[in-house]
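The values are calculated or read from the model by the stated rules, or taken from the named source; none is laboratory data. Just so it is clear, the structure is predicted and the values come from calculations on it, not from any experiment. Cβ atoms come from the backbone with ideal geometry, glycine included; neighbour counts cover every protein chain shown.
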Amino acid sequence: MDAKEQFNNQAKFYSSSKTFSAGESLNILSNILKNSKFESGLDVGTGAGFAAFELSKSCKKVEATDISEGMISEAKKIMKDREINNLNFNICNAEELKYSDKEFDIVTCRTAAHHFIDVEKFCHEVHRVLKDEGEFIIVDTITSDQIKLNNWHQEVELIRDKSHIKNLSLIEWKSLLNKTNFYIKDIIQSRVTMNLNDWMERSGTSEKDKKILKGNFQNSDEKIKSFFGIKNLNNDISFYWPVGIFHLKKLN
């Protein structure tokens, strides 16, 4: 299943999820934006629109893109409820943004890049559509630089959601951002805490794969349990993924 089909099918789960509609990473993004004013902004991989709604508070006009019609439909409903009128949605791939060179003052992307087929190409596209010295804020779940932890993380993500591509580590992100000509103003590290049952339900994981995932979490070794905060609850398991918030500036 590709990402478009996955998110069309599960759009309502994501639009109602507290993991996406709230949480520490959204608060951090909001705090970075709150004292700035921009003419034009772009949110890529907008999903149900929560990062775009924050961006709309700091910009005169905002464009938001996603590959999923279902997600954009949910985002438009929330936008209407919140009476936001400076935001427009478009369908397009992150690696092929349908905008002109140097069109935006700021670009954001929250909890989407691990689904992109080519993150480097996406970063080049953001660089292209940003004005000189424009700002770029990317928020995404990240993984460990240690091979064992990294491999376990990628494996469970792929079992849960077949549209998952890859979580990058902090070192991989720094290398990629340097390669695509962005200056790193700041990196804030956070985490997103989740319960396994809700995490699997949100992505429409099959019953067969749910059993496999529960086994993977329950039978993981102490190093994995410690790094990802895996704990048994009543009929559930809690855990967290590390999150990186990268505040960047375009280098010419």
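None of Phe89, Phe122, Phe50, Phe116 is at pLDDT below 95, buried (at least 20 other Cβ atoms within 10 Å of the Cβ) and in contact with a helix residue (DSSP H, G or I) (Cβ under 9 Å, 6 or more places away or on another chain) except Phe50.
Restricting attention to region 2-15, does a residue exist that is within 20 Å of Ser163 (Cβ to Cβ), surrounded by 22 or more Cβ atoms within 10 Å (Cβ to Cβ) and at pLDDT 90 or above? The answer is no, given that none of the residues of region 2-15 is within 20 Å of Ser163 (Cβ to Cβ), surrounded by 22 or more Cβ atoms within 10 Å (Cβ to Cβ) and at pLDDT 90 or above. Of all residues in region 160-205, those satisfying the criterion of being charged (D, E, K, R), in a strand (DSSP E or B) and surrounded by fewer than 16 Cβ atoms within 10 Å (Cβ to Cβ) are Lys185, Asp186. Within region 58-70, the set of residues being touching a strand residue (DSSP E or B) at 6+ places or on another chain (Cβ under 9 Å) and either of a type in the set (Gly, Ala, Ser) or buried (at least 20 other Cβ atoms within 10 Å of the Cβ) (or both) comprises Ser58, Cys59, Val62, Glu63, Ala64, Thr65, Asp66, Ile67, Ser68.
Taking region 121-159, which residues are more than 15 Å from the chain's Cα centre (by Cα), of a type in the set (D, E, K, R) and either within 22 Å of Ser25 (Cβ to Cβ) or assigned to a helix (DSSP H, G or I) (or both)? Within region 121-159, Lys121, Glu125, Arg128, Glu135, Asp145, Lys148, Glu155 qualify. Please enumerate the residues belonging to region 130-144 that are farther than 22 Å from Leu170 by Cβ and either crowded, with 22+ Cβ neighbours inside 10 Å or among the acidic types (Asp, Glu) (or both). Result: Leu130, Asp132, Glu133, Gly134. One residue stands out in region 23-47 among those that are touching a helix residue (DSSP H, G or I) at 6+ places or on another chain (Cβ under 8 Å), farther than 24 Å from Asp132 by Cβ and in a helix (DSSP H, G or I): the one that is modelled with the lowest pLDDT, namely Leu26.
In region 212-226, of all residues being closer than 23 Å to Asp145 by Cβ and among the basic types (Lys, Arg), the one that is surrounded by the most Cβ atoms within 10 Å (Cβ to Cβ) corresponds to Lys225. Applying the set (1) under 30 Å from Glu135 (Cα atoms); (2) more than 22 Å from the chain's Cα centre (by Cα) to Ile171 leaves exactly one unmet item: (2).
In this structure, does Ile230 turn out to be surrounded by fewer than 19 Cβ atoms within 10 Å (Cβ to Cβ), over 28 Å from Val119 (Cα atoms), among the hydrophobic types (A, V, I, L, M, F, W, C) and in contact with a strand residue (DSSP E or B) (Cβ under 7 Å, 6 or more places away or on another chain)? In short, yes. Here Lys131 meets the list (1) out of contact with any strand residue (DSSP E or B) (no Cβ under 9 Å at 6 or more places or on another chain); (2) modelled with pLDDT of 95 or more; (3) basic (Lys, Arg) almost entirely, failing just condition (1).
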